[in-house]
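Asker: Structure below; questions to follow.
The values are calculated or read from the model by the stated rules, or taken from the named source; none is laboratory data. Quick caveat, the model's predicted, so the values are computed rather than measured. Positions of Cβ are backbone-derived with ideal geometry, glycine not excepted, and every protein chain shown enters the neighbour counts. Surface areas here come from the heavy atoms of the whole protein model, side chains and all, with no ligands, DNA or RNA. Shrake-Rupley method; radii C 1.70, N 1.55, O 1.52, S 1.80 Å.
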Amino acid sequence: MTGLTASAMSLRLLAGIGGGTRLDLAGHLATHGPLALPRRKGSHAFATKLLEQISLSGLTGRGGGGFPTGRKIAGL
């Protein structure tokens with residue numbers, strides 16, 4: 001665990017949604033920064049394995065259609 005308290009994690013998770021509005025991409029990047037992926041030899045293998053695990057998890061979107069998240073990320 002990171003040592004953060006539950007309230008500190010909640011603040012980070014909910015950062016930027018004051019007033020109940022969603023952030024656009026620019027606002028999200030300004031609040032949270034870009035996603036840091038490994039930038040070294042073998043990073044393609046990491047991304048492939050991550051996508052495989054997301055697909056195996058059965059995770060679906062929240063839009064009501066049950067579209068598989070792994071397929072969406074893969075661009076299929």
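Asker: Select from the stretch 58-76 the residues that are polar (S, T, N, Q) and open to solvent by less than 50 Å² (accessible area, probe 1.4 Å) and list them in ascending order.
Answerer: THR69 - this is the single residue of the stretch 58-76 that is polar (S, T, N, Q) and open to solvent by less than 50 Å² (accessible area, probe 1.4 Å).
Asker: For the stretch 25-53, give me each residue that is at pLDDT below 80, more than 16 Å from ILE73 (Cβ to Cβ) and not in a helix (DSSP H, G or I).
Answerer: Across the stretch 25-53, the qualifying residues are ALA36, PRO38, ARG39, ARG40, LYS41, GLY42.
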